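Before any comments, here is the structure.
Computed from the coordinates by the stated procedures, all read-outs in this text should not be read as laboratory data. In this text, all values refer to a predicted model and were calculated from it rather than measured experimentally. For neighbour counting, all protein chains shown are included, and Cβ atoms are generated from backbone atoms with ideal geometry for every residue, glycine included.
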Amino acid sequence: MRGKQAPKRVIAPDVRYKSTQVAKFINYVMERGKKSVAVGIVYDAFDYIEKKTGEPGYDVFLKAIAKISPELEVRAKRIGGANYQVPIEVRPERRFTLACRWLLEAAGNRTGKPMREKLALELIDASHEEGSAFKKKEDVHRMAESNRAFAHFA
């Protein structure tokens, strides 16, 4: 690795829930620098969840993130001319990042509704251990489990 490691930036908590996780999620939702649109999408999704399930949207969000955050993932490692998929533990920051990425990808792949509803439905599904994002986590864990024999290369 060359040079210095970039310093971690401190992200200000969001306005409504005073949570840095929600603020970070809003930043992931944001496209082309339109933060106000992203804030609207996330807060509308939380309101939709509250209307649909009766549970607070923020609680469903935290539950969904916890359910789809991966504990293990595989990394390709080249040893003696062969590539091995080596399972490794995932750092907490990366867990949150992957969970958000999978959530947004799964919500984006749904069709026929505005983004706030697609996101809300995906969050509800993830909190009930269903949906594409949760399936993605299960696939990653299955892959890590099947390559457990190569764990000693880590």
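Dipole of the chain computed with +1 at Lys/Arg Cβ and -1 at Asp/Glu Cβ about the Cα centre; of 60, 106, 6, farthest Cα towards the positive end is 6. Over the chain, what is the relative contact order in percent, taking alpha-carbon pairs closer than 8 angstrom and at least six residues apart? Relative contact order, the chain: 24 percent. When you count the other C-beta atoms within 10 angstrom of each residue and take the mean per peptide, 2-15, 37-50 line up highest first as 37-50, 2-15. Only helical runs count toward this figure. For the chain, summing -39,500 (n - 2.57) over DSSP H runs of n ≥ 4 and dividing by all residues gives -18500 deg cm²/dmol at 222 nm.
Rounded to the nearest 20 debye, the dipole magnitude of the stretch 20-153 is 540 debye, with +1 charges on Lys and Arg beta carbons, -1 on Asp and Glu beta carbons, and the Cα centre as origin. Measuring from label point to label point, each 7 Å out along Cα→Cβ, what is the residue 130 to residue 142 span in nm? It works out to 1.9 nm between the two label points. The gain in end-to-end length when the residue 16 to residue 79 segment is fully stretched comes to 17.7 nm, 0.36 nm per residue minus the alpha carbon separation. Among 101, 142, what is the fewest-to-most ranking by other Cβ atoms within 10 Å? Lowest count first: 142, 101. Angle of helix 20-29 to the longest C-alpha principal axis of the chain, folded into 0 to 90 degrees and rounded to 10: 90°. Computed from the Cβ-Cβ distance with R0 of 41 Å, the FRET efficiency linking residue 89 to residue 36 stands at 0.65. Treating each Cα of the chain as one equal point scatterer and applying the Debye formula with no solvent, the log10 of I(q)/I(0) at q = 0.09 Å⁻¹ comes out as -0.35.
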